[in-house]
Every structure is written in structure tokens, then in C-alpha cells.
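Let me begin by presenting the structure, written as C-alpha cells, before commenting on it.
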Ligand code: NAD
């Protein structure tokens with residue numbers, strides 16, 4: 001191909017991308033607001049085992065939910081529905097990231113608790129999470145991080161469907177010369193993540209929201225993200241809003257002198273991806289954090305670690321720590337309005353994992369098993 005051919009193809013590809021993204025913004029503007037769980041006669045909670053240590057930690061999460069929600073389940077208000085087929089074996093056999101029947105089963109639920117899923121190295125299969133975030137329009141990735149002894153109580157609202165990710169595999173390359181990837185920030189996409197962050201702050205008595213971007217460099221995408229967040233902030237006069245650049249915020253989080261002053265963060269996708277792992281590490285590692293992917297019609301809750309294939313190979317799967325998926329279950333209960341149940345689970349997790357610590361999971365044979373730790377949590381519920 002000549003240089004002119006590359007330019008012509010790239011211009012055509014860019015037009016396609018622009019039209020697709022404009023259609024997506026039109027769709028977002030037609031969406032009709034968040035589901036009101038309180039008004040649902042039945043809330044269906046989908047349970048997905050996933051791969052590797054996933055089914056082991058999910059079996060224990062199901063036990064915990066069954067105990068906590070005993071009355072709601074027997075009264076028909078909550079249904080726990082197990083969804084099979086989101087396994088790497090089935091996905092590879094069918095050549096589908098999320099097989100159609102599995103997606104249909106997921107869409108028949110209101111909320112999902114999901115074990116980690118393996119993403120094959122190489123090949124073309126994308127991560128099941130990326131597919132599910134797109135298919136279910138789960139635009140807010142929400143991660144709490146707390147270190148009580150330091151007064152750290154952070155809540156991250158990471159935009160989950162835009163930024164560098166949405167067009168990450170559709171860049172342009174002129175071999176031997178250059179490559180260009182695309183980043184997209186839409187007006188309604190930013191407005192809805194900002195609204196979610198400020199609503200969380202308002203409903204939870206938080207007084208400060210930090211907008212984190214690189215708007216000094218990415219003037220269009222991050223510049224507009226910052227502007228729109230400030231416009232949304234105007235509806236929340238009691239909340240102090242400030243904007244920060246991602247580089248200095250990354251440093252702030254490892255500065256013990258100031259880090260406990262931050263409360264709620266709202267960030268574009270890539271910065272949120274990176275900084276939430278940094279924050280989880282400050283809390284005690286990725287095994288200690290839960291994560292939520294929230295949209296208006298569906299929400300999916302998970303541990304933030306993966307399927308830990310090495311633990312399975314070494315015969316250590318039964319020693320996996322279920323704390324992270326239990327925290328995700330707590331977030332799920334809070335999201336569907338079962339606040340008292342969420343508080344009970346949160347207190348049991350603090351007691352078992354942080355203060356009393358009579359049963360400790362280490363991830364090795366010298367620690368307790370996943371089931372033994374779940375027994376301990378259930379005893380304290
Ligand atoms: P990983 O989080 O699965 O495991 C890394 C290491 O962390 C493990 O070897 C283990 O030592 C430790 N660990 C993780 N979870 C633990 C637990 N509950 N208890 C005790 N120790 C634990 O990361 P990885 O090995 O990079 O990824 C494995 C697979 O998981 C990959 O295919 C990856 O794509 C996938 N993944 C899925 C999700 C998801 O579904 N949400 C998230 C991250 C990674």
C-alpha cells in the first residue's frame with residue numbers, strides 16, 4: 001500500500017468510529033435512569049463461578065448469602081440463580097467470550113456476583129469482563145478502599161466504558177512509520193459517572209470529591225471530563241470539588257501525611273484502572289478488595305483478583321482467600337438496598353479479617369482453608 005492508501009483507509013476508519021460513537025451517545029441520552037430495586041417484587045441475584053479458584057470462593061459466597069438472606073429467599077423476595085457456562089473451557093470450545101445462552105441468563109438477573117474468569121494469553125478472545133461491561137453497559141467501576149488505623153476511607157468511581165479502552169483494539173498503524181490509538185470521552189458518558197460519584201458522596205455524608213485526569217495534556221478528552229464533572233458538581237453545593245492531575249495524585253496516595261484527606265475520586269477509565277490497584281495495595285493487597293461494575297439496568301460485583309491458575313496447579317485452590325468476593329457480596333447487598341444485611345456482613349468481615357483474626361487464610365497450607373474462613377464469618381454474622 002502507498003502512503004496515500006493508508007491515509008485514505010485511516011480516514012474511512014475514523015469516520016466509522018466517529019459514527020459509531022455518536023450513535024452510542026444518542027443511545028445513552030435515551031436511557032431512562034437507574035433501576036429502583038426497592039420497587040422490584042423479586043430481585044434475582046445471578047451467581048457465576050468462573051475459572052480457577054472462582055468456583056471455590058463462590059461456593060462459600062453462596063453459603064454466606066444463603067444464611068444472610070434466609071428470610072428473603074424463603075419469602076420469594078430474593079432468588080439466587082446459578083449461571084453455568086462462563087468457563088474458559090466452554091468459551092474456548094464455542095469461540096465466544098460470553099456464549100449467547102450465558103449472556104441471556106445473565107440478562108435475566110438484576111445483579112450478578114461473579115467469580116474471576118481466565119483470559120487466554122494471545123489469540124483474539126477478549127476478556128469476559130470487557131464484554132460484559134459493554135453488553136450490560138456497566139459504566140461505573142466502583143472500588144472502596146479503607147485503612148481504618150490511618151483514617152483512610154476512599155471510594156473510587158472509575159469510568160468503565162470509554163477512554164482508551166472502548167477503541168483500544170481499533171487503532172491505526174502505518175507499518176514501520178507510526179501507530180495511533182483513540183481515546184473517547186462522551187458528554188453523556190462523563191455526566192453519568194460524575195452523577196454516580198456525587199450521588200454516592202451526598203448519600204454517604206462525604207464532603208469532598210476529587211476529579212483526577214491529565215487535562216493539562218489531554219485537552220479535549222480529559223479537559224471535557226473535568227468540565228462536565230464540575231458542571232455536575234454545581235448541583236451538590238455542600239460538596240467540595242477539586243481537580244487533580246493523575247501524576248501528583250498517584251504520589252499523594254503514597255504520602256501518609258495527606259492521603260487520608262481524600263474521600264471520593266472520579267476518574268476516566270485508564271487512570272482509574274491503574275490507581276485503584278495502587279490503592280488496593282495500600283489496603284493490603286488485591287486479595288482484600290471487592291469491586292463493583294454498575295450500570296442503570298444491571299450491576300456486577302466481583303473480587304478484584306483473578307482466577308489464580310498457579311494456586312490451582314500447586315494444589316492450593318482450597319486455601320484461596322474468599323475475603324475479596326465476600327466484600328463484593330457486601331457491596332451487592334448495599335446496592336440492592338439490603339443495607340442492614342450489608343452492615344452485618346461488613347462487621348463480620350472486619351472482626352474476622354482485621355480485629356479478632358482467629359482463623360487466618362494465608363493462601364498456603366499453613367493457613368486456614370477458604371471453607372474454614374467462611375465457617376468463621378458465618379458464625380459471626
Ligand atoms: P491473579 O489475581 O489470578 O493471581 C495472582 C496471584 O495472587 C496468585 O498466584 C495468588 O498467589 C494470589 N491470589 C489471587 N487471588 C487470591 C486469593 N483469593 N487468595 C489467595 N491468594 C490469591 O492474577 P493473574 O495470575 O495475573 O491472573 C490469572 C487469570 O485471571 C488471568 O487469565 C487474568 O486475565 C484473569 N483475571 C480475571 C479477573 C476477573 O475476572 N475479574 C481479574 C484479574 C485477572
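The values are calculated or read from the model by the stated rules, or taken from the named source; none is laboratory data. These numbers come from a predicted model, not from an experiment. All Cβ positions, glycine included, derive from the backbone under ideal geometry; neighbour counts span all protein chains shown.
Things to note:
- For segment 232-254, the criterion of a residue being in a loop (DSSP other than H, G, I, E, B), in contact (Cβ under 8 Å) with a residue 24 or more places away in the chain, touching a strand residue (DSSP E or B) at 6+ places or on another chain (Cβ under 6 Å) and surrounded by 15 or more Cβ atoms within 10 Å (Cβ to Cβ) is satisfied by at least one position.
- Residue in segment 32-47 that is within 16 Å of the ligand (Cβ to nearest atom) and modelled with pLDDT of 95 or more present: yes
- Of the residues making up segment 285-322, those that are more than 10 Å from the ligand (Cβ to nearest atom) and either under 30 Å from residue 220 (Cα atoms) or in contact (Cβ under 8 Å) with a residue 40 or more places away in the chain (or both) are 289, 290, 292, 294, 295, 296, 297, 298, 299, 301, 318.
- Odd one out for residue 368 among (1) within 14 Å of the ligand (Cβ to nearest atom); (2) modelled with pLDDT under 95: (2)
- Any pair with Cβ under 7 angstrom, 6 or more apart, that starts in segment 33-52 at a residue that is closer than 16 Å to residue 329 by Cα and in contact (Cβ under 8 Å) with a residue 12 or more places away in the chain and ends at one that is within 16 Å of the ligand (Cβ to nearest atom) and part of a loop (DSSP other than H, G, I, E, B): 48/86; 48/115; 49/115; 50/86; 50/115; 50/116; 50/117; 50/307
- Among residues of segment 201-222, those that are at pLDDT 95 or above and either more than 25 Å from residue 259 (Cα to Cα) or out of contact with any strand residue (DSSP E or B) (no Cβ under 8 Å at 6 or more places or on another chain) (or both), counted: 6
- Checking residue 350 against (1) within 21 Å of residue 281 (Cβ to Cβ); (2) part of a helix (DSSP H, G or I); (3) within 16 Å of the ligand (Cβ to nearest atom), the condition it does not meet: (3)
- Wholly within segment 145-200, strands (runs of 3 or more DSSP E) carrying at least 2 residues that are surrounded by 21 or more Cβ atoms within 10 Å (Cβ to Cβ) and in contact with a strand residue (DSSP E or B) (Cβ under 7 Å, 6 or more places away or on another chain): 152-159
- Residues being farther than 14 Å from residue 92 by Cβ, within 11 Å of the ligand (Cβ to nearest atom) and in contact (Cβ under 8 Å) with a residue 60 or more places away in the chain - total across segment 107-140: 6
- The residues listed here are 65, 47; of these, the one that is assigned to a helix (DSSP H, G or I) and either touching a strand residue (DSSP E or B) at 6+ places or on another chain (Cβ under 8 Å) or under 17 Å from residue 79 (Cα atoms) (or both) is 65.
- Filtered residue count, segment 323-348, keeping only those that are without any contact (Cβ under 8 Å) to a residue 12 or more places away in the chain and closer than 29 Å to residue 274 by Cβ: 1
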